[in-house]
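The values are calculated or read from the model by the stated rules, or taken from the named source; none is laboratory data. Here the structure is a predicted model, which is why all the values come from computation and not from measurement. Cβ: placed from backbone, ideal geometry, glycine included. Neighbour counts: every protein chain shown. Quick note on the areas: whole protein, heavy atoms, side chains included, nothing else; ligands and nucleic acids left out. Shrake-Rupley method; radii C 1.70, N 1.55, O 1.52, S 1.80 Å.
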Amino acid sequence: MRHVTMAGNLRASDQFPGLELAASSIRANGNSGEVILRNSLFYEDATLVLRLLVGASASGGCVLAHENASLPGTTILDPLYVDPTGTSPDYSLQAASPAIDRCGFSSPQPVDLFGSPLPYDDPRPNVAGPYVAGAIEYFVDLIFADNFENDT
């Protein structure tokens, strides 16, 4: 799984009345199953990022999450989503997000969730590379960057 954003993963059932976080964002079954996570965000999505059943394994790189006990090497950082709790949640990244340009190359995936080209190398200094962590690339509108449209 590459360039994944998981958030707001709630469950409701007879066994779990009301809404609560899911037990895990990802559950891998055994039989030598392997989960590979790269350039992804799992923030306040579930109690655990990953739950491995007997025989399954996992590895990852450039993963930001709310916990790192289930996937060692995960960085605990708030990705600063635009509006994760609104009526129409917005999981795109704020300008100050630590997920912007955090990751290096992980796959030849050419576009983000909305079809925007990957990578977009933000003009600010890179953390590790030109790729965003997560499914939605962050772009700076260079045409309006100097606010010339507000000049009178």
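Numbers for the structure displayed
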{"item": "Wholly within segment 57-99, strands (runs of 3 or more DSSP E) carrying at least 2 residues that are polar (S, T, N, Q)", "result": "57-65"}
{"item": "Residue list for segment 95-112, restricted to those being touching a strand residue (DSSP E or B) at 6+ places or on another chain (Cβ under 6 Å) and within 22 Å of N9 (Cα to Cα)", "result": "A99"}
{"item": "Odd one out for I26, checked against (1) open to solvent by 50 Å² or more (accessible area, probe 1.4 Å); (2) touching a residue at least 24 places away in the same chain (Cβ under 8 Å); (3) farther than 16 Å from V132 by Cα; (4) not aromatic (F, W, Y)", "result": "(1)"}
{"item": "Members of segment 29-61 found to be surrounded by 24 or more Cβ atoms within 10 Å (Cβ to Cβ) and in contact (Cβ under 8 Å) with a residue 60 or more places away in the chain, listed by number", "result": "N39, S40, L41"}
